[in-house]
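Throughout, read-outs are computed from the coordinates displayed, never taken from laboratory work. Quick caveat, the model's predicted, so the values are computed rather than measured. In this analysis, Cβ positions are derived from the backbone assuming ideal geometry, glycine residues included, and neighbour counts consider all displayed protein chains.
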Amino acid sequence: MTGSVPRRHHDIADDLRHQITTGSIKPGERLPSEVGLAARYKVSTVTLRRALAVLQGEGLIEKVHGKGNFVRRPLRKTMYVGGWGTLDPWTAAEPTLRVMVRSTTVPASVQLTTLLKVPTGSPLAEYSCLSLEHGSPHGLGRIYIPRDLAPAGVLDDDSVCREAATRFAVLGPSPATVRETVCARFPTPDEASVLRIGSTTVVLAITRIATDSTGRIIEAALLTFPGDRVDAVFTAHHMLDERQTQG
């Protein structure tokens, strides 16, 4: 009996996947309730949720808290431009893509203390940015600036920094250097919840550190994108040999 449970939930996932890929259930459409689906397939809600988890892991459906399970719309990738530290203005300006920005002041955690090289508990201006397309999350950014360096109005909705925040860009004055560390990893529980992805969905995580000409770290950004929704492009600029420039 125990061995039949895994087969059953995969059978349900196969049937729902077929309905989605053939268009019987359309992109953006809400699936019947979990209780209703469990009754339709004559299984427990536990088995039904296992089937839905398979489809969530494949990126075919997403669960919106308090609303139900929805078929994902075809994904359109955004582009992160390394070195400039911003979402590509062309993709970021797409009318279907919008960014929610929330700003506040937070004390520096141990992680932020290490990144920004400030005392633990120091006040930081925080910008939380969430990009969405048709209500589906595309990327999450948390940008931190030492409070004494935050531009005037950084915590106001009318701040000039808000436009930069919608591109996940460096918020303060142009830094002397920007160091970006990129890795692929599984999301944290918080990231999985906010981005509505499964815990085994790989994300592209970018830690961006901006430094001024004196060597002071003026900003730290923690950016997270589901791996199937972003391309990151980095361009290297090589210095010409001095002899070539003189020739």
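Under a plain spin-label model, where a point goes 7 Å from the Cα along Cα-to-Cβ, how far apart in nm are Trp84 and Asp212?
2.5
Going by amide H atoms built from the backbone, whose H comes under 5 Å of the H on His138, apart from near neighbours?
Distant-sequence amide H within range of His138: Ser131, Leu132, Glu133.
Rounded, prolate or oblate: which fits the chain when a ≥ b ≥ c are the square roots of the eigenvalues of the alpha-carbon gyration tensor, with rounded for a/c under 1.5 and prolate only if a/b beats b/c?
Since a/c reaches 1.5 and a/b is larger than b/c, the shape of the chain is classed as prolate.
Give me the distance in nm between label points sitting 7 Å out from Cα along the Cα-to-Cβ direction at Ala236 and Val110, one decimal.
Here the modelled spin labels are 3.7 nm apart.
Have a look at Leu37, Thr86, Gly198 and report the one farthest towards the positive end of the charge dipole of the chain, computed about the Cα centre with Cβ charges (Lys/Arg +1, Asp/Glu -1).
It is Leu37.
Could you order peptides 127-138, 204-215 by the average number of other Cβ atoms within 10 Å of their residues, highest first?
On the way: 127-138: 19.2, 204-215: 16.8.
Those peptides, ordered most packed to least, come out 127-138, 204-215.
Count charges around Ala38 for me, please; just the other residues with Cβ under 14 Å from its Cβ, Lys/Arg as +1, Asp/Glu as -1.
+2
Taking the Cα centre of the range 78-233 as the origin and placing charges on Cβ (Lys, Arg +1; Asp, Glu -1), which of Ala150, Val99, Ile209 is farthest toward the positive end of the dipole?
Ile209
Relative contact order for the chain using alpha-carbon pairs under 8 Å, separation at least 6, rounded to a whole percent?
Relative contact order comes out at 18 percent.
Scan around Ala232 for amide H atoms under 5 Å from its own, H built in the peptide plane at 1.01 Å from N, and keep only partners 5 or more places away or cross-chain.
Tyr80
Under 11 Å from the Cβ of Tyr144, count the other residues' Cβ atoms, weight Lys and Arg +1, Asp and Glu -1, and hand me the total.
+1
Take the Cβ-Cβ distance between His18 and Thr177 as r, set R0 to 45 Å, and report the resulting FRET efficiency rounded to the nearest 0.05. Intermediate results must be reported in sequence, preceding the final value.
Working: r = 52 Å, r/R0 = 1.15.
Efficiency computed from Cβ-Cβ geometry: 0.30.
Please give me the summed charge of the neighbours of Ala192: other residues whose Cβ is under 12 Å from its Cβ, Lys and Arg +1, Asp and Glu -1. List each step's numbers first, then the result.
Numbers: positive: Lys63, Arg185, Arg196; negative: Glu62, Asp190, Glu191.
Neighbour charge sum, excluding Ala192 itself: 0.
Based on the Cβ-Cβ distance from Arg185 to His134, what FRET efficiency comes out when R0 is 25 Å, to the nearest 0.05?
0.40
What ranking, highest mean first, results for peptides 177-186, 219-228, 109-118 when packing means the other Cβ atoms within 10 Å averaged over each residue?
Ranking the peptides 177-186, 219-228, 109-118 by packing returns 219-228, 109-118, 177-186.
For every helix of n ≥ 4 consecutive DSSP H residues, a contribution of -39,500 (n - 2.57) applies; sum these over the chain, divide by its total residues, and give [θ] at 222 nm rounded to the nearest 500 deg cm²/dmol.
-7500 deg cm²/dmol
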